[in-house]
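Following: one structure in structure tokens, then a few remarks.
The values are calculated or read from the model by the stated rules, or taken from the named source; none is laboratory data. Computed from a predicted structure; not experimentally measured. Note that each Cβ is placed from the backbone with ideal geometry, even for glycine, and that neighbours are counted across all protein chains shown. To get the accessible areas, we keep the full protein, side chains included, count just its heavy atoms, and leave off ligands, DNA and RNA. Shrake-Rupley method; radii C 1.70, N 1.55, O 1.52, S 1.80 Å.
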Amino acid sequence: MIIVNISVVGTGYVGLIQSVGLAEFGFKVVGIDIDERKIKLLNRGITPLYEEGLEELLKKHVGKNLRFTTSYEEIKNSDVIFLCVGTPQDRDGNADLRFIYSAVNSIKRYFDDRYRIIVVKSTVPVGTNRKIKEMLGGCNVDVVSNPEFLREGIALRDFFNPDRIVLGFEDVNNSRPIDIMKEIYKYFLDKRVPFIITDWESAEVIKYAANAFLATKISFINEIAKLIDAVGGDIKTVSKALGLDERIGDKFLNAGIGYGGSCFPKDVKALIKQFESRGIEPKLIKATDEVNEEQIHWFLNKIKRYYGDLNGKTFAVLGLAFKPNTDDLRESRGIKLIDLLLREGSIVKCYDYVEKARENTIERYRLDTSGAYYGYNLYVLDDIYETVKDVDGIIITTEYSQLIDEDWDKIGNLVREKIVFDGRNILDKERIKELGFKYFGVGRG
Ligand SMILES: NC(=O)c1ccc[n+]([C@@H]2O[C@H](COP(=O)([O-])OP(=O)(O)OC[C@H]3O[C@@H](n4cnc5c(N)ncnc54)[C@H](O)[C@@H]3O)[C@@H](O)[C@H]2O)c1
């Protein structure tokens, strides 16, 4: 089979990267989304979300071999359909599969006798690919589980340089869908990226296990940081020494105020639910989640211990996105901390290096120009020096390396009190202390 047409359903972070990536490989791609505003922007070559290099690649292909629509009718002409809709957390902590099922029903309406493949890229609990196949009963279709591992902030780089490609099939002896997937991902085969060809269940578990493992590393080092805070020492040195052991590795060992984002928090919780629904208690993964939920409160208490009362104090919160170089505020620790500070009666001035992250914050709190938010005082500023002016303390919430090179002398002259709570352990503690700042990190005093 020669792949002619591909459609990508859901054009958010994953679907948009997939769309432009496949267009770059030379395929004819149609992105389908229910969000009309998004589709209009995309067809004009404008990305509704921030990701480095994405707009350039979108502009290169849109109107040529890449276009976007809200019409599911395009499915009629598609040989391969990538499913990239969101799977957020429901009220009980399970993955909410409403968008998945709604998209599958919309797709099904346009199926005829032609053979097609649905590739599930969304993160879905064990059993979902099987359920999708059942929903498509009677259709000439194969369902492939192809979990996505990209990281926001460096999503394009990850798309073109994946560590592995995981493909789960109903029957690993059925070569038809396997050959088609290898044709689509020939670029990766040529680059000798390892392919894991497996069953649906293993593929589904691989994705959740990968996220839970990384989250566990973060919660582990955050727990060790609490001990270091109590006994003295520097967690950065501890992390470095641990990381030099190649069995441990140096990634995901930076202590801080916990993980956020659109994946780790919800995927860890959804994995816990998948154990529990089968009568198994996931003790370790539950602890990972608990440590993370608690971490931001632990940090807030540290700030409280210093000031006594936070009511009426003014803080500069540096970092709104859940990680550097994205505009994504989902489960951002910075936003969580802002909410907690406002509840304490503090005045919050905040800043992020990514303009779109600042805009999203204004939208999230529905701020007017005076910064009033339900009677609280919250201000989103476009300049870091304006943000730190006359504050009682600076709080770092996102790991921006730009912060290291800021003019801390100038900052010191603008603040009311020279004090930094470094929630990401990004600053050079000794240097900042030499400039007369009091410094508090996570596991380093
Ligand atoms: N964001 C990441 O870094 C990342 C990484 C790996 C995996 N994932 C997984 O990929 C999936 C998508 O995540 P995301 O961050 O791209 O989500 P997102 O919220 O950014 O995008 C989802 C898109 O789907 C669209 N949509 C919803 N219902 C639809 C429907 N019925 N038909 C067509 N479009 C529909 C929405 O309008 C939205 O544009 C999730 O399962 C997530 O867990 C995300």
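Annotations
- Matching residues, segment 230-242, being in a helix (DSSP H, G or I), under 17 Å from residue 428 (Cα atoms) and open to solvent by 40 Å² or more (accessible area, probe 1.4 Å): 236, 237, 238, 240
- Meets criteria (under 19 Å from residue 120 (Cα atoms) and within 14 Å of the ligand (Cβ to nearest atom)) for residue 39: no
- Selection of segment 253-286 for residues being within 15 Å of the ligand (Cβ to nearest atom) and either on the phi > 0 side of the Ramachandran plot or not assigned by TED's automatic domain parsing to the domain that holds residue 319 (or both) yields only 261.
- Among residues that are free of Cβ contacts under 8 Å to residues at least 60 places away in the same chain, farther than 24 Å from residue 100 by Cβ and touching a Lys or Arg at 6+ places or on another chain (Cβ under 7 Å), residue 189 is included.
- So residue 378, is it part of a loop (DSSP other than H, G, I, E, B) and under 23 Å from residue 50 (Cβ atoms): no
- Any hit, segment 301-310, residues being touching a Cys at 6+ places or on another chain (Cβ under 8 Å) and not β-branched (Val, Ile, Thr): no
- Single match in 305, 333 (criterion: crowded, with 21+ Cβ neighbours inside 10 Å and assigned by TED's automatic domain parsing to the domain that holds residue 377): 333
- Qualifying residue in segment 368-379 (condition: aliphatic (A, V, I, L, M) and within 16 Å of residue 318 (Cβ to Cβ)): yes
- Matching residues, segment 160-209, being under 27 Å from residue 94 (Cα atoms), among the aliphatic types (A, V, I, L, M) and crowded, with 17+ Cβ neighbours inside 10 Å: 165, 166, 167, 203, 205, 206
- Considering segment 1-13, and only residues there that are in contact with a Gly (Cβ under 9 Å, 6 or more places away or on another chain) and aliphatic (A, V, I, L, M), the residue that is farthest from the ligand (Cβ to nearest atom) turns out to be 8.
- Test result for residue 250, charged (D, E, K, R), crowded, with 18+ Cβ neighbours inside 10 Å, closer than 22 Å to residue 322 by Cα and not assigned by TED's automatic domain parsing to the domain that holds residue 164: no
- Residue-level analysis places residue 47 among those that are at pLDDT 95 or above, more than 7 Å from the ligand (Cβ to nearest atom) and hydroxyl-bearing (Ser, Thr, Tyr).
- Tallying residues that are out of contact with any Gly (no Cβ under 9 Å at 6 or more places or on another chain) and within 21 Å of residue 306 (Cα to Cα) within segment 393-407 yields 2.
- Residue in segment 17-33 that is of a type in the set (Phe, Trp, Tyr) and within 15 Å of the ligand (Cβ to nearest atom) present: no
- In segment 160-181, the residues that are closer than 16 Å to residue 119 by Cα and either without any contact (Cβ under 8 Å) to a residue 24 or more places away in the chain or within 16 Å of the ligand (Cβ to nearest atom) (or both): 165, 166, 167, 168, 171, 175, 178
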